[in-house]
Amino acid sequence: MASLEQVIAQMSADLPSMPAGHPRLNGRINKFGKGKKAWYRLREFTLRSGRQVITGAYGIWQGQNPNSVPIRIDWEGATDEERAEAARRQADVEREETERRANAARFAANRAGQEWKRAAPIDDAAAVPYLARKQIGGDFARVMANGTLLVPARRYRAGERPELVCVQKIDPDPAMGKRFNHGADMVGAACLLGSITRGETKLIGIAEGYASGQSVRLAQGGSLPVMLAFSAGNLLAVARQLRADFAETTLLFFADDDWQLVQRYERDLRDHFDVEPAPAIDGMDHVLTSSKGEPVTVRATWRQDATGTGYIEADIRSGRRVRLLKFENAGLAKARAAASDVGNAKVCWPAFADRGENKWTDFNDLQVEESIEAARDQVLAAIAAATAPPADDLIAMDSPAPPVEECATPALLDWADTPPPPSEEDAAPAGTGLVPLAWALSHCALIQGSTHVWDSVNQLRMPNSAFVKLVGKESAKAWDVSPQRRSISPRVLPATVRGVADAGGGAGDDSLLAMLERYTLLYGTKTVWDHDRRKIVAYDAMALSRGSNLAERWLEHPHRREIDLENLVFDPTQRVDLKTHINMFEGFPLKPKKDIEKAGLALTLLQSLCAAESNADELMHWVLCWLAYPLQHPGAKMQTAMLFFGEKQGTGKSLFFEAIVKPIYGEYGATGGQNQLDSTYTVWRSQKLFVLFEEILSRQDKYSAIGLIKHMITGRTQPISQKFKDDRDEANHMNTVMLSNEFQAVPLEPHDRRFLVVDVRKDLDPELLANIKAQLDDGLVEAFYAFLLEYPLGDFTPHTYPLMTGAKERVISFGRPDWEAFYLAWAGGELDAPYCSCLSEDLYLVYDRYCSRYRLRGLSLTKFAELMGTRLQKDRQWVGLGAMKKKLLTVLHVPPQDNDPASETLSQACERFRTGADIKALL
C-alpha cells in the first residue's frame, strides 16, 4: 500500500513545495503555490486487516486542464480480499462525493435565488463600473448595492421554465475578477440574451462571456438571440441542449480567440522551471540551464487538433520532473469541437487590425479597442455567411501557429454540418448522415474512373447516391473536395455480388485483355507488378507462366501500362494519384462485427497483461488508444512501440497480440524474429502495418540492433531489398510490438520516448483461456476490431509519449551505466560524501571506493571527469585547501543545496567534501 512518505515523494516530483501542515488527508481539494494552481485531493482509510490506504490525485491547473495525476497504490503483497475491500471503500467514497456535490449544487442554487431577488434591475448602465468599462448595456442582468453585476446562469429546456442554478458575480474592481456560487453545477448552465421562438428563430448565437454576447447583440441590432455559456469548456453542453430543443436552427458560435499560446508557453517555463528565454518551438530537444544550475530539457512542437486548431505541445524534463503540457486556443478549439458535434453550426471569431501583444480575444474587445463599427462589420458578415449556403471559412484565424502545411494534421473547415454516429438511444438529426465526415475520410475511397465509392470497413461498393445517404448531402460535398479524400484503383477491388465483396471472386484468365489488366511494367527494371498477387515478379517468370508468345504480345501492346519503379508505393492513406502511381494497399481485409461480449474476452485478457503495473487502468487505456488509432486512421505511423515482457510463460502475451490483434491486419501483419532482423533482404517489411517481434534480441545483439529497432519505430521510409529484384524505398507505416521473457529485452536510455514497457506477471486464468480459444474462430477478432474502431481516443496522437511504468523504470535502472548510478547515489545522499562542489580527483577517489565495494569495472579519471561534466559544471578554478596555497584545479560545481552552510566559498565546499568523504590530502 502507498505510505504517506511514498505519496509525498510522488507529489514532490511534479508539484512545487507544499506549505507547512500539508498534505492533508481530508478528501477535499487543497490548493497552494503561485496563483493557487497546484492542487491535490487525498483521503485515507483503514482496511479490516489494519493496512492503511491513501487514494486521490493531484496536478497543476493549466487553463481548463487540471493535469490530474492519480496516486499510485503499491498492491505488492496485498491479498484479493484487501483489494476487493479497498475497491468497495473507494466506491462508497465516490458515491458520498456524488451526493455531496448534488447537495452543494442545491445550496448554491438557493443562494443564487436569494441574491438575484435582492439585486435590482439596471436603469443606468453608466453607473455600473463593469458595464461602463465594457461600453455595453445591462439587459438581462442585475446589480447589487455595492455595484457588483449579477448575470444569471439558468438551465434551459424546451417546454419547461428556466431553472436558476447560479449567478455570476462581476466585482466593480477588475482585480477581483468573476466568481460563481460555490458548489454550483455549471455544466449546461447558460444565460439567454433575447428570446427564441420555436419554428421562427432560424439563427441562435452562442458566446462565452456576458460582455462578448452583449457586444454581438449591440453590433447586430439587438434582435439576434445569444446564449452565454460562461466558459469555453461549457460550450458543448450548451450547444447540445440547444440542438435537442431546436433541431433545425443554425447555431453560430462567436468564439473567443485565446491566441497567446507562445506567451503562455514562455510564462510557464519561466514560472515553473525557472528557464528564460524559452527555446524555439521546432520539435527538437533543447537542453537549457535554470538559474539554479539545473539542466532542463524542453521539446516544444506545433500541432493541430481534430478541428484543425493549432496548439503547442511541450515536453519538459528536469531531473525527476516530467511534464507534458498543452497550450491551446481553448475558445476556438472548444467552439469548433462543439460545432462539429451538434451539426448545422458555424464558427466565427474577431479579427483585429493591430492587436500587438494585447490580450484581446472577443467581440467586446473589438468594440472597445477599435470601434462598434468594426464589430458590426464582422458580426453582420458572419451572420450573412451563416445563413447562406456553405462556403469557405468565415474569417482567417489571427494566430501565431504556423501554416497548415507545417503542422501534423490538415485543417478542417469551420463548417460542421456532420454529427458523429448517433447513439442507440438517439435518432440521427434531420438532414445528416449515418456516419460523420471524419469516418468517411478515413474509410471511404473514390473508385478511380467512376463515381462509385468503396467502403473498406464493410467491404462494400456503393453508387454515389447511396454514399450521399450514408454521410449526408453536405458531408458528401465536403468529402468530394477534401484533400484528405482517398482513392482506390478498380484493379485492386475484389469481385462483388450486389456491391458486396465476394470471397470467391477469381483473378481472370490468361487472355491478352486479362494480362493488360493484371500486369504493369516497372520502368528501368526487368520486373512487373502483378495486381492480382500484389507482388513484384520477374518478366521472365511471368513469361514462363503465361507463355512467351502472349508475354511478347503484352509487351508490345500500345495499351500496356508502365510506371516508374519509385511510383510503386505503399500508401494506406490512399491519397496518392492513381493516374501515375500504383498503391499496394487495398484496405483492411477483415470486416468488423460488433459483439460486446466477445470483445470483452479480449479486454479481460489485456487487463490481465497490465495488472502488475500500479497504473494498470491508465495503462490499459493507453494501449487501447495505441491499438485503435491506426485502425481509425489507416496509415498512421505510431512514433512509439510496446514491449511486453515477463519471466513467466503462458501469461497470454502471444495469445493477445498474435491470435487477436495481428489477424485484424491480415496480410499487412507479420511476426518477426532475430532472423528477419539479421537478414540482408528486407522484403519481409514491405506492405506491413503491424509487426510482432518475438524474442528478437539475444544478449550479444541487443546493443548492436537497437539502432535498427529505433528506425523501424520512427523512420519515415525503409529500404526494401529482395533477392534478384531491384532495391527500392517504401514509406514506413509499420507499427511494432515486442514480446520477450527476458528482463532487459531492449536496452533503454533514461529519457527514452519510444517504448511503452509492461511487466506481465499475472498467470492467465484457465477459464478465460478456454473461452478465448472457443471464440477465436467464431468472431472474437472481428468483435475486438469493431470495438477498437469505436474506442474514444481523446487527445491521443501518434506522437503521444508512452506512460512511465514501474517496469520501464526498472529496465532503465538495470541498463544504467555504473558512473551514472554512482552519480545518482551521490546526489541522493546514499554515499558517505556530501553532495557539494568538489575537486574532480576527490570525487574520483570516492567513485573508486564505490567500484571496489560493488565489484564494478571503473573508468579512468579522464573519462570519469568528462562524464561527470555532462551532469555538473566542470572547469578549472583557483582552490585553497587547509593551509595550502591556492592552486588551479579541476572542480565540479554542485548547485546550492538547502542544507549548505551560509556564505560558503568554493574552497570551503571542497574542504567540506574532503572531510565528509574522509579523503586525505594528496596535493
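The values are calculated or read from the model by the stated rules, or taken from the named source; none is laboratory data. Computed from a predicted structure; not experimentally measured. With ideal geometry, Cβ positions are generated from the backbone for all residues, glycine too; neighbour counts draw on all protein chains shown.
Each row is one residue, and each column tells you yes or no for (1) under 28 Å from Glu749 (Cα atoms); (2) out of contact with any Lys or Arg (no Cβ under 9 Å at 6 or more places or on another chain); (3) surrounded by fewer than 15 Cβ atoms within 10 Å (Cβ to Cβ); (4) of a type outside the set (Asp, Glu).
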site: Gly828; (1), (2), (3), (4): yes, yes, yes, yes
site: Lys863; (1), (2), (3), (4): yes, yes, yes, yes
site: Met868; (1), (2), (3), (4): yes, no, no, yes
site: Asp875; (1), (2), (3), (4): yes, yes, yes, no
site: Ala883; (1), (2), (3), (4): no, yes, yes, yes
site: Asp898; (1), (2), (3), (4): no, yes, yes, no
site: Leu906; (1), (2), (3), (4): no, yes, no, yes
site: Phe913; (1), (2), (3), (4): no, yes, no, yes
site: Asp918; (1), (2), (3), (4): no, yes, yes, no
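If you go through the stretch 301-317, how many residues are in contact with a Pro (Cβ under 7 Å, 6 or more places away or on another chain) and of a type in the set (Ser, Thr, Tyr)?
Here the count works out to 0.
So Asp509 ticks every box in (1) acidic (Asp, Glu); (2) more than 21 Å from Gln687 (Cβ to Cβ); (3) modelled with pLDDT of 85 or more but one. Which box is left unticked?
Failing condition for Asp509: (3).
Restricting attention to the stretch 75-82, does a residue exist that is surrounded by fewer than 15 Cβ atoms within 10 Å (Cβ to Cβ) and under 22 Å from Arg321 (Cα atoms)?
no
Could you say whether any residue in the stretch 634-643 is buried (at least 21 other Cβ atoms within 10 Å of the Cβ), over 20 Å from Leu793 (Cα atoms) and not assigned by TED's automatic domain parsing to the domain that holds Arg518?
Yes; the residues of the stretch 634-643 include at least one that is buried (at least 21 other Cβ atoms within 10 Å of the Cβ), over 20 Å from Leu793 (Cα atoms) and not assigned by TED's automatic domain parsing to the domain that holds Arg518.
Go through the stretch 65-89 and count every residue that is out of contact with any Lys or Arg (no Cβ under 9 Å at 6 or more places or on another chain), outside the structural domain of Arg48 (by TED's automatic domain parsing) and either aliphatic (A, V, I, L, M) or closer than 29 Å to Asp185 by Cα (or both).
4
Helices (runs of 4 or more DSSP H) wholly in the stretch 835-923 with at least 3 residues that are in contact (Cβ under 8 Å) with a residue 60 or more places away in the chain - which ones? Steps first, please.
Values: elements: 840-854, 861-868, 906-916.
Fully inside the stretch 835-923 and qualifying: 840-854, 906-916.
Sort out for me the strands (runs of 3 or more DSSP E) sitting completely within the stretch 715-829 that have 3 or more residues that are among the polar types (S, T, N, Q) and modelled with pLDDT of 85 or more.
735-740
What's the total number of residues in the stretch 585-628 that are charged (D, E, K, R), buried (at least 21 other Cβ atoms within 10 Å of the Cβ) and at pLDDT below 90?
Residues meeting the conditions: 1.
So, in the stretch 792-814, exactly how many residues are buried (at least 16 other Cβ atoms within 10 Å of the Cβ), farther than 13 Å from Asp305 by Cα and of a type in the set (Phe, Trp, Tyr)?
Of the residues in the stretch 792-814, 1 are buried (at least 16 other Cβ atoms within 10 Å of the Cβ), farther than 13 Å from Asp305 by Cα and of a type in the set (Phe, Trp, Tyr).
Residue pairs, Cβ under 7 Å, 6 or more apart or interchain, first in the stretch 11-28 and assigned by TED's automatic domain parsing to the domain that holds His272, second in a loop (DSSP other than H, G, I, E, B). List them.
Pairs that qualify, where the first residue is assigned by TED's automatic domain parsing to the domain that holds His272 and the partner is in a loop (DSSP other than H, G, I, E, B): there are none.
When the stretch 876-919 is examined, which residues are found to be among the acidic types (Asp, Glu) and within 11 Å of Cys838 (Cα to Cα)?
Within the stretch 876-919, just Glu911 meets the criteria.
Of all residues in the stretch 191-207, count the ones that are on the phi < 0 side of the Ramachandran plot, of a type outside the set (A, V, I, L, M) and at pLDDT below 95.
6
For residues in the stretch 533-550 being touching a residue at least 24 places away in the same chain (Cβ under 8 Å) and part of a helix (DSSP H, G or I), which is surrounded by the fewest Cβ atoms within 10 Å (Cβ to Cβ)?
Residue satisfying both the conditions and the ranking: Leu550.
Could you say which residue among Ala306, Ala335, Ala351 is assigned to a loop (DSSP other than H, G, I, E, B) and within 22 Å of the chain's Cα centre (by Cα)?
Ala306
Is there a residue being part of a loop (DSSP other than H, G, I, E, B), touching a Ser or Thr at 6+ places or on another chain (Cβ under 6 Å) and within 25 Å of Met712 (Cβ to Cβ) anywhere in the stretch 654-676?
No, there is no match, as no residue in the stretch 654-676 is part of a loop (DSSP other than H, G, I, E, B), touching a Ser or Thr at 6+ places or on another chain (Cβ under 6 Å) and within 25 Å of Met712 (Cβ to Cβ).
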